[in-house]
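Accompanying notes for the structure given below.
The values are calculated or read from the model by the stated rules, or taken from the named source; none is laboratory data. The shown structure was predicted, so the numbers you read here are calculated from the model rather than taken from an experiment. We place every Cβ from the backbone using ideal geometry, glycine too, and count neighbours over all the protein chains shown. Heads up: the accessible areas ignore ligands, DNA and RNA and are worked out on the full protein's heavy atoms, side chains in. Shrake-Rupley method; radii C 1.70, N 1.55, O 1.52, S 1.80 Å.
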Amino acid sequence: MAGTQGGTPGTRIHVVSDVHGNARDLARAGAGADALICLGDLVLFLDYADHSRGIFPDLFGTENADRIVELRTARRYEEAREFGNRLWAGVDRGSAIEKAIRKQYAEMFAAFPTPTYATYGNVDMPTLWSEYAGPGTTVLDGQRVEIGGWTFGFVGGGLRTPMRTPYEISDEEYAAKIEALGEVDVLCTHIPPEVPELVYDTVARRFERGSRALLDAIRKTRPRYSLFGHVHQPLVRRMRLGATECVNVGHFAGSGKPWVLEW
């Protein structure tokens, strides 16, 4: 098994992902832990469970949110894009979205306990994080950090999809970040490894994009854990790949509860 052996006994880490605007529960997520890890997607653009919540319905109303969710769920992405473009016509899209995201980030980052280790989700805007991350929050992407004697490696964002969310990068760029981590005890990413059971969303009824490079790294370097989010209602939340325990730490916006890692 890769990484540091042993570590500091009695260490407790809380892990969250897909916060999507849930600042109330985020403020309590680190209680009793030595550190909080956040695997991204702080922004709530559109809540697929409650179409009245998020940046999109705030701007265009719940009825229009109902329609765009209907089109996307049916995989009619081009129609959804055209529908969205008609709504955005005459609106300064960049300015409106950035203003709304800044409001959400101010609330989210203020809720982070000290210490927090965080990476980006695919709906996040990395360029803004440095403005809101306080001294107690360490932002990592393609980087490693030691917590309690274990080495944690972080890679944020997602891979390119028809959804065209803000932080999607190429497979090659993503693979390079995974490669740069080397051997770690815990691999922390926003998206899962490319395993059908881990990438299929049972409510959205579609396969999300997972990473083949991440899967290859798990098989090659054999970390203790691979932790991720992104898929809100996965077919399988947890499975073992060789020596590695792969865990979807959950849709924190819905559960309000962190996943606990102890050693």
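Local charge sum around THR119 (other residues, Cβ-Cβ under 15 Å, Lys/Arg +1, Asp/Glu -1)?
-4
Rounded to the nearest 0.05, what FRET efficiency do GLU70 and SER255 have when you use their Cβ-Cβ distance and R0 = 25 Å?
With a Förster radius of 25 Å, E is 0.45.
Using a 1.4 angstrom probe on heavy atoms only, work out the carbon and sulfur share of the accessible area of the chain in %.
That share works out to 49 percent.
Amide H neighbours of ALA118 under 5 Å, counting only residues 5+ apart in sequence or on other chains, H built in-plane at 1.01 Å?
Those lying under 5 Å, H to H, from ALA118 are CYS38, THR138, VAL139, LEU140.
Treating the beta-carbon of each Lys and Arg as +1 and of each Asp and Glu as -1, no other charges, what is the dipole magnitude of the chain about its Cα centre, to the nearest 20 debye?
360
How much length is gained on full extension from GLU82 to SER52, taking 0.36 nm per residue of separation minus their Cα-Cα distance?
Net length gain for the segment: 8.7 nm.
Return the long-range amide H neighbours of GLY149 (sequence gap of 5 or more, or a different chain), with a cut-off of under 5 Å between placed amide H atoms.
Long-range HN contacts for GLY149: THR8.
Can you tell me the accessible area per residue over the chain, all protein chains present, probe 1.4 angstrom, in square angstrom?
44
Rounded to the nearest 500, what is the 222 nm mean residue ellipticity of the chain from helices alone, with -39500 (n - 2.57) per DSSP H run of 4+ residues and division by all residues?
After summing the helix terms and dividing by residue count, I get -9500 deg cm²/dmol.
Can you give the net charge of the other residues whose Cβ lies under 12 Å from the Cβ of VAL249, counting K and R as +1 and D and E as -1?
Net charge around VAL249: 0.
Could you tell me whether the chain comes out rounded, prolate or oblate from its Cα gyration tensor? Rule is a ≥ b ≥ c as square roots of the eigenvalues, rounded for a/c under 1.5, then prolate if a/b exceeds b/c, otherwise oblate.
Judged from the Cα gyration tensor, the chain comes out prolate (a/c at least 1.5, a/b above b/c).
Gain in length, GLU168 to THR11, computed as 0.36 nm per residue apart minus the alpha-carbon separation, to one decimal in nm?
Gain on stretching GLU168 to THR11: 53.2 nm.
How large is ³J(HN,Hα), in whole Hz, for each residue of the stretch 60-72 in order, when computed from phi with the Karplus curve 6.51 cos²θ - 1.76 cosθ + 1.60 and θ = phi - 60°, using x for Gly and Pro?
Residue by residue, the stretch 60-72 yields 10, x, 5, 4, 5, 5, 4, 5, 6, 5, 4, 5, 5 Hz.
Around SER17, under 15 Å between beta carbons, what's the net of Lys plus Arg minus Asp minus Glu among the other residues?
With Lys, Arg at +1 and Asp, Glu at -1, the neighbours total -4.
Restricting to the chain, what percent of DSSP beta bridges are antiparallel, rounded to 5?
40
Modelled label-to-label distance, LEU59 and LEU235, 7 Å Cα→beta-carbon offset: nm?
Each label point lies 7 Å from its Cα, and together they span 3.5 nm.
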